[in-house]
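Here is the structure we will look at, set down as structure tokens.
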Amino acid sequence: MSTPSPTAQTPKKLDSLAGNATDRLTRRGFAVMGTGIVRQKFVFTFAALASLLFGVMTVGDAWVLGWATEHVIGPSFADGQIHSAALWTGVGLFLAAAMLRTIGVIGRRLLGGVVYFRLIRDDRMKVTRRYLQLPLRWHHRHPAGQLLSNANADVEATWGVFMPLPMALGTIAMLVAAVVTMAFADGVLTIVGLVVIGLLFVANAVYQRWQGPKIALAQSLRGDLSTVAHESFDGALVIKSLGREADETSRFRLASERLRDANVSIGRIRAVFDPVIEALPNLAILAVIGIGAVRVESGTTSASDVVQIAFLFTVVGMQIRSFGWVLGELPRAVIGADRVGQVLAEQDEMTYGLRDIAGTGPVAASVKNVTYSHPDVPETAVISDLNLDLAAGSVVALVGATGSGKSTIVSLVSRLIDPDAGSVTLGGVPVGELSQSSLTRTLALVPQTTFLFDDTVRANVALDLSLPDEQIWAALRVVQADRFVEALPAGLETELGERGTSLSGGQRQRIALARAIVRNPRILILDDATSALDPQVEQRVLTALAQTAAAPTMLVVAYRKSTIALADEVLLVEAGQLVERGSDAELRARSVKYRNLVDAYDQARQEVDHE
Amino acid sequence: MSDLSTSRPSATQVLTRGIRQNPEIVDGIWFTMALAVIGTAGGSVIPLVIRAALDHGFGPAGVDTALIGKYVAIATGAMVLIAIAGYWSKVRIFTASERGLANLRVAAFRHVHDLSMLTQNTQRRGALVSRVTSDVDQISQFLQFTGIMMIVSVGQMLVAVVVMLFLSWQLTLVVLVSFVPLTLSLRWLASAMSRAYDRVRASVGEMLAVIAEPVVAAPVVRAYGIEERTQERVDAAVWANYRANIKAQTITAGAFSAAVLVGGIANAAVLGIGVWLGVVGELTAGTLVAFFFLTGLFTGPAQMATQVISDAQNAVSSWRRVLDLLDTPADVVDPAGSGTPLSSGDLAVQFDEVSFGYPAGPLVLDSINVTIEPQQRVAVVGETGSGKTTFAKLLTRLMDPTSGRVLLGGVDLREVSFDQLRAHLLMVPQEGFLFDASLAENLRYGSKEASDAELVEAISGLGLGDWFASLPGGLDTQVGQRGESLSAGERQLVALVRSALADPKILVLDEATSAVDPQTELRATRALDRLLSGRTSVTIAHRLTTAENADRVLVFDQGSLVEDGRHEDLVAAGGVYARLHSAWVAQASLG
């Protein structure tokens, strides 16, 4: 069979990124850099100053060598005796230059790091704040993977340029100082210097330009490789039972070899440029010595100046690379900043009212003439003109085929989303007028997908409430979770690990149920929240729930007959509309649709038997 | 796996083992190294030219431009050769290491598929993916960046020391002594750095988990109004990560600056002692000046050393993880060619005194004895934890029994080659897992060589023709990641067709518990019925009707096979099954 080839189109796409687009990205990258500098102007200024100090003192080091050659080494070797004062001055100058350079480099690296890490820290907190403010309908439109990458990789990419930036600024200072020093020493040699510095810039820029698209290609091939591995390991059971290991291995080998080839081609470019960039300053030094010899002969310059300029090249050459690093980071910065900026620019927010619901005990809920359509497909209503009432204290089952709108109804009643038209009330108060605290005190929802926090059992149940142990245990008892929680190594204080991976699906679901029950809600909504429980356990949990002292009004999205059986009333929804309501027995008696749906398994079996 | 092992192999052991695994990484390494060392000689040539020029060219008698010109010309030639050597060595390093690492990836990937933890412990899958992706990337980064840097640094220093010794052993000593304290503290610095970066990594892990909460748990956060608590947790994790980074950065900055300082001290010492040596006639001015250039060659490597050591530690632990994975014995071994051939035709399955327990755990299955005859339709029932799933895993040889034997046609499964086993016996998992490819490609996982016509035939053979006709893309329909463009029920249908194409004699099914829409459910039930006809089947049953319609029901309770018989007989017997059944009936008839 032909194996899927997710990578076939990538190279073409990346080629188009080169050229003009790169220039535009670079320009916009400087703008991103500017905003970062402004945000951290204080620390950044000090980092830059430290880097300037380092750059200038590096040239100073070369100057000291020139000075020492002329005033210490020359005279001493000529006279055959030590000129103490000059010698000690020379030693002192070397040490002083070293001290200042040391201070410079500490400041540059440390403060530069502070700038970078502060920028990403602040952006992470901003982005996650935005996530918490943005309403659920916004979340539904954005895949989780993308949002996580916005808060992590994209934030880092945006500010990555700040790692080499201080060094690059210091290098500018160094170059200016170097050229000035050279100019004082000898004009012709200065021209040699400028030519070589120019060549180094060009070499670095060409290097970045050539390598950039190849690095991007390797990055995307790395992603493909990871996708193949993920998919193959996820489908391990299928692969194993069908004996397809060898074919899977060739699929992975193909991806792996593509990545290998991309990496080797990056390596070839590096292999060309590294030696060139290393050789340029050395060739410059040789030119300086050669031309310098002629200049010394004609008496226009001195041997010590030649030594000093030669030494300058040994220190300047490598530093110029930092410009290449900065340029290389700019396109990433733009892409990162665009993605992060998009999140931060989102203005959508769910506002809450100030009202409360009076009294205690179960509350009624009602949905009146509600219409709702998915923000991405506004023309098709998910819910159209829906009306339903839940009497206080009743247990209502919501039944319907996949895609009939059950989860949307649940989200509307819980005010995770607002309807396009119509109203939802709890205890007679429109949900939009309720304060957030009143809403969360009144209503508890257990969503379809269980989420446990990387925290203790207690924290997962209590969340932001501080509750006595007894209350937590009581909730755990209701959901039949007390036994297994007792058996955990640290009981309530046991850390559940990331997303509660140490527990089974049924156990996780029970913790999520306890989380809802412990709050003594006045209305409890279960969105297919017992699917991972054994039918027997589910039965016991739901019965215990319905029997608690101040049993809440319950709205239960259900598939299983056992769940439905507990309901006082069943609502059958189809295409976002309520089509039948009544007790299970009534609906069974009068609705074929209902029977078909609820008896799907049995009916399927019977039909097969009749064939 | 390695996480539990107490004695960690040393870095040298890991590297030796790694190279033994992929010797192609070090193909022609000595030649490469020789080229690399030549490639680093550029920095040492310059001081020699300077010295020669100062001592012989810029003489008191005037400048000998011809001589200097000759030196410059020779040195320029040398520079070109050095650059070529540098290019050549790097190309060789890149090619050899990438080739070796690609092979390492593939070997590790292949091995993962032989490990039962892949199917047993789904939580570890992410970690296994890292073994073949980021861990290998880490090694590659190390070999090609840090490794080259290390070779360049060491080579440069070696060449410099040789040149220095040639020029003046006294000044060489001065330079080396200046760098001694820094060299001695490198070990300490490196371990401080590695601790600091360990903390950074740990904080990244925690931060990623907590940052996921506002996104993945958005409905929970909204429903419980815990935005503030969540933000506090995120902020705390982000700050912890920030502090860990700053701390690590501080250590790096300290190490880096120490090298700058030491370089300055070395220059000062060279000047002081060099002038004195010159005055007593041990040294020429050119040699002394050349030494300043040579000292510079030490500062860079000393700065890099701490970085190199910390990168090396990371790479070694990545490499160790990959090698540990390769060293994890495949617990279910394919006897392949040396397997006992199965006789053709329908075969019975027999469990002979089979027990199973996880290491250091109680028995999950205890002394199971049962024979399943050809063409039987068997339902396996029991509560969660009764051992029914383990029974199926042993039957399909996803695991081997702790004691006892599982026999297929009288042959121990451990002696049956995977090819033969799979031709006979097929497991259909609960979730119909699909690959991100076309429908046809997914079906061909069942039978590689099947033509399009055969695929369509298999589809209609299971009575799914009308469903197939409803797919807009036909066989070319792209099913999306994990098949998510299709509904759960449709994925199940594809899995059934795939199984039909594989055409096994015995089918082991894990019945789906999650509900799908009624229409698809009906189709799946019909298709399954056709698939099972004429085959032996063992179904882990979650539905009453499956047990009711089976030829035989095996009832598991707390690791034992407690009842075995027809549905009616077992109900009449009034035991475990009767209890389970009445609970089932209660649920079903409550409706």
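The values are calculated or read from the model by the stated rules, or taken from the named source; none is laboratory data. Being a predicted model, the structure only gives us computed values, none of them experimental. All Cβ positions, even for glycine, are placed from backbone atoms using ideal geometry, and neighbour counts span all protein chains on display.
Using the structure shown, decide if A:S394 is within 14 Å of chain B (Cβ to nearest Cβ) and more than 22 Å from A:P135 (Cα to Cα).
no
Out of everything in region B:363-386 that is small (G, A, S) and surrounded by fewer than 23 Cβ atoms within 10 Å (Cβ to Cβ), what residue ends up being farthest from B:S344 (Cα to Cα)? Working first, answer last.
Let us first name the residues in region B:363-386 that are small (G, A, S), namely B:367, B:379, B:382, B:385-386.
Still in the running and surrounded by fewer than 23 Cβ atoms within 10 Å (Cβ to Cβ): B:367, B:385.
Numbers: B:S367: 29, B:G385: 36 Å.
Per the criteria, the residue is B:G385.
Do you know which of the residues in region A:372-399 that are out of contact with any Asp or Glu (no Cβ under 6 Å at 6 or more places or on another chain) and under 17 Å from A:L526 (Cβ atoms) is surrounded by the fewest Cβ atoms within 10 Å (Cβ to Cβ)?
A:G393
For residues that are closer than 24 Å to A:K561 by Cβ and crowded, with 22+ Cβ neighbours inside 10 Å, tally how many sit in region A:407-435. It would help to see each step written out before you state the result.
Pass one, region A:407-435, residues closer than 24 Å to A:K561 by Cβ: A:407-410, A:413.
Cutting the leftovers down to crowded, with 22+ Cβ neighbours inside 10 Å gives us A:408-410, A:413.
Qualifying residue count, region A:407-435: 4.
Among the candidates B:A160, B:A108, which residue alone is farther than 26 Å from B:Q303 by Cα and in a helix (DSSP H, G or I)? Walk me through how you get there before you give the answer.
Working: B:A160 fails: farther than 26 Å from B:Q303 by Cα.
The unique qualifying residue is B:A108.
For B:A240, state whether it is more than 7 Å from chain A (Cβ to nearest Cβ), within 18 Å of A:L93 (Cα to Cα) and in contact (Cβ under 8 Å) with a residue 24 or more places away in the chain. First the steps, then the outcome.
Details: more than 7 Å from chain A (Cβ to nearest Cβ): yes; within 18 Å of A:L93 (Cα to Cα): no; in contact (Cβ under 8 Å) with a residue 24 or more places away in the chain: yes.
Here the answer is no, as B:A240 does not meet what is asked.
In the list B:L365, B:L395, B:L443, B:L408, which residue meets the criterion of being in contact with a helix residue (DSSP H, G or I) (Cβ under 8 Å, 6 or more places away or on another chain) and within 14 Å of another protein chain (Cβ to nearest Cβ)?
Working: B:L365 fails: within 14 Å of another protein chain (Cβ to nearest Cβ); B:L395 fails: in contact with a helix residue (DSSP H, G or I) (Cβ under 8 Å, 6 or more places away or on another chain); B:L408 fails: within 14 Å of another protein chain (Cβ to nearest Cβ).
Among B:L365, B:L395, B:L443, B:L408, only B:L443 is in contact with a helix residue (DSSP H, G or I) (Cβ under 8 Å, 6 or more places away or on another chain) and within 14 Å of another protein chain (Cβ to nearest Cβ).
Restricting attention to region A:52-101, which residues are touching an Asp or Glu at 6+ places or on another chain (Cβ under 9 Å) and among the charged types (D, E, K, R)?
A:E70, A:R101
Kindly check whether there is at least one residue in region A:485-504 that is small (G, A, S), within 26 Å of A:A358 (Cβ to Cβ), outside any helix (DSSP H, G or I) and more than 13 Å from chain B (Cβ to nearest Cβ).
At the first step, the residues of region A:485-504 found to be small (G, A, S) are A:487, A:490-491, A:497, A:500, A:502, A:504.
Among the residues that remain, those that are also within 26 Å of A:A358 (Cβ to Cβ) are: none.
Within region A:485-504, not a single residue is small (G, A, S), within 26 Å of A:A358 (Cβ to Cβ), outside any helix (DSSP H, G or I) and more than 13 Å from chain B (Cβ to nearest Cβ).
Name the pairs whose Cβ atoms lie under 7 Å apart, with the first residue in region A:530-548 and more than 8 Å from chain B (Cβ to nearest Cβ), the second in a helix (DSSP H, G or I) and among the hydroxyl-bearing types (S, T, Y), and 6 or more positions between them or separate chains?
Pairs that qualify, where the first residue is more than 8 Å from chain B (Cβ to nearest Cβ) and the partner is in a helix (DSSP H, G or I) and among the hydroxyl-bearing types (S, T, Y), are A:T530/A:T563; A:E538/A:S562; A:E538/A:T563; A:L542/A:T563.
Within region A:225-235, track down each residue that is surrounded by fewer than 20 Cβ atoms within 10 Å (Cβ to Cβ) and either at positive phi or more than 7 Å from every other protein chain (Cβ to nearest Cβ) (or both).
A:T227 - this is the single residue of region A:225-235 that is surrounded by fewer than 20 Cβ atoms within 10 Å (Cβ to Cβ) and either at positive phi or more than 7 Å from every other protein chain (Cβ to nearest Cβ) (or both).
List the number of the failed condition for A:D464; all other conditions in (1) away from chain B (no Cβ under 11 Å); (2) surrounded by fewer than 21 Cβ atoms within 10 Å (Cβ to Cβ) hold.
(1)
Within the group A:T563, A:T543, which residue is in a helix (DSSP H, G or I) and surrounded by 23 or more Cβ atoms within 10 Å (Cβ to Cβ)? Talk me through it step by step, then tell me what you get.
Numbers: A:T543 fails: surrounded by 23 or more Cβ atoms within 10 Å (Cβ to Cβ).
Of the residues listed, the single one that is in a helix (DSSP H, G or I) and surrounded by 23 or more Cβ atoms within 10 Å (Cβ to Cβ) is A:T563.
Scan (1) in a loop (DSSP other than H, G, I, E, B); (2) over 31 Å from the mean Cα position of the chain (by Cα); (3) under 22 Å from B:D510 (Cβ atoms) for the single condition B:A379 breaks and write down its number.
(1)
For region B:411-437, enumerate the residues that are away from chain A (no Cβ under 14 Å) and either part of a strand (DSSP E or B) or in contact with a His (Cβ under 7 Å, 6 or more places away or on another chain) (or both).
Step one: filter region B:411-437 for residues away from chain A (no Cβ under 14 Å), giving B:411-412, B:414-415.
Those that are away from chain A (no Cβ under 14 Å) and either part of a strand (DSSP E or B) or in contact with a His (Cβ under 7 Å, 6 or more places away or on another chain) (or both): B:V411, B:D412.
Restricting attention to region A:236-276, which residues are more than 7 Å from chain B (Cβ to nearest Cβ), surrounded by fewer than 21 Cβ atoms within 10 Å (Cβ to Cβ) and of a type in the set (A, V, I, L, M)?
The answer is A:A246, A:L254, A:I266, A:I269.
Residues being in contact with an Asp or Glu (Cβ under 8 Å, 6 or more places away or on another chain) and either of a type outside the set (D, E) or part of a helix (DSSP H, G or I) (or both): count how many of those fall in region B:391-410. Outline the logic, then answer.
Taking region B:391-410 first, the residues in contact with an Asp or Glu (Cβ under 8 Å, 6 or more places away or on another chain) are B:392, B:394, B:399-400, B:403-407.
Restricting the remaining residues to those that are either of a type outside the set (D, E) or part of a helix (DSSP H, G or I) (or both) gives B:392, B:394, B:399, B:403-407.
The total comes to 8.
Would you mention how many residues in region B:37-65 are more than 9 Å from chain A (Cβ to nearest Cβ), among the aliphatic types (A, V, I, L, M) and under 15 Å from A:I289 (Cα atoms)?
Total satisfying the criteria: 2.
Yes/no per residue for (1) more than 14 Å from chain B (Cβ to nearest Cβ); (2) touching a helix residue (DSSP H, G or I) at 6+ places or on another chain (Cβ under 9 Å); (3) closer than 30 Å to B:L288 by Cβ; (4) in contact (Cβ under 8 Å) with a residue 12 or more places away in the chain:
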| residue | (1), (2), (3), (4) |
| --- | --- |
| A:L25 | yes, yes, no, yes |
| A:G29 | yes, yes, no, yes |
| A:G36 | yes, yes, no, yes |
| A:Q40 | no, yes, no, yes |
| A:A47 | no, yes, no, yes |
| A:L53 | no, yes, yes, yes |
| A:V64 | no, yes, yes, yes |
| A:I73 | no, yes, yes, no |
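What helices (runs of 4 or more DSSP H) lie completely within region B:466-553 and have 2 or more residues being within 12 Å of chain A (Cβ to nearest Cβ) and closer than 30 Å to A:T227 by Cα?
Details: elements: B:488-502, B:518-532, B:544-549.
It comes to B:488-502, B:518-532.
Of the residues that make up region A:467-484, is at least one within 11 Å of chain B (Cβ to nearest Cβ) and surrounded by fewer than 18 Cβ atoms within 10 Å (Cβ to Cβ)? Even if it seems obvious, please write down each step before you answer.
Going through region A:467-484, the residues within 11 Å of chain B (Cβ to nearest Cβ) turn out to be none.
No, the conditions are met nowhere in region A:467-484.
Which of the residues that make up region A:75-102 are among the hydrophobic types (A, V, I, L, M, F, W, C), touching a residue at least 40 places away in the same chain (Cβ under 8 Å) and at the interface with another protein chain (Cβ under 8 Å from one of its Cβ atoms)? Working first, answer last.
Pass one, region A:75-102, residues among the hydrophobic types (A, V, I, L, M, F, W, C): A:77-78, A:82, A:85-88, A:91, A:93-100.
Pick out the ones that are also touching a residue at least 40 places away in the same chain (Cβ under 8 Å) and you get A:97, A:100.
Within region A:75-102, just A:A97 meets the criteria.
Here is a yes/no grid of residues against (1) within 13 Å of B:A502 (Cα to Cα); (2) of a type in the set (A, V, I, L, M, F, W, C); (3) in contact with a strand residue (DSSP E or B) (Cβ under 7 Å, 6 or more places away or on another chain); (4) in contact (Cβ under 8 Å) with a residue 24 or more places away in the chain:
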position: B:V411; (1), (2), (3), (4): no, yes, no, yes
position: B:F418; (1), (2), (3), (4): no, yes, no, yes
position: B:H424; (1), (2), (3), (4): yes, no, yes, yes
position: B:G432; (1), (2), (3), (4): no, no, no, yes
position: B:F435; (1), (2), (3), (4): no, yes, no, yes
position: B:L443; (1), (2), (3), (4): yes, yes, no, yes
position: B:G446; (1), (2), (3), (4): yes, no, no, yes
position: B:A450; (1), (2), (3), (4): yes, yes, no, yes
position: B:Q478; (1), (2), (3), (4): no, no, yes, yes
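Before we move on, is A:R515 buried (at least 21 other Cβ atoms within 10 Å of the Cβ), at negative phi, within 12 Å of chain B (Cβ to nearest Cβ) and modelled with pLDDT of 90 or more? Write out each step before concluding.
On the way: buried (at least 21 other Cβ atoms within 10 Å of the Cβ): yes; at negative phi: yes; within 12 Å of chain B (Cβ to nearest Cβ): yes; modelled with pLDDT of 90 or more: yes.
Yes; evaluated as a whole, the condition is true for this residue.
Given the residues B:G278, B:G225, B:G274, B:G205, which is the only one that is free of Cβ contacts under 8 Å to residues at least 12 places away in the same chain and closer than 30 Å to A:G80 by Cα? Talk me through it step by step, then tell me what you get.
Working: B:G225 fails: closer than 30 Å to A:G80 by Cα; B:G274 fails: free of Cβ contacts under 8 Å to residues at least 12 places away in the same chain; B:G205 fails: closer than 30 Å to A:G80 by Cα.
None of the others qualify; the one that does is B:G278.
If the requirement is being buried (at least 16 other Cβ atoms within 10 Å of the Cβ), modelled with pLDDT of 85 or more, more than 8 Å from chain B (Cβ to nearest Cβ) and touching a strand residue (DSSP E or B) at 6+ places or on another chain (Cβ under 9 Å), which of these qualifies: A:E586, A:E580?
Just a single option satisfies the conditions, and that option is A:E580.
Tell me, which helices (runs of 4 or more DSSP H) wholly within region A:90-198 include 1 or more residues that are at pLDDT below 85?
Working: elements: A:136-141, A:144-149, A:155-159, A:165-185.
Because the criterion is at least 1 residues that are at pLDDT below 85, the helices (runs of 4 or more DSSP H) in region A:90-198 that meet it are A:136-141, A:144-149, A:165-185.
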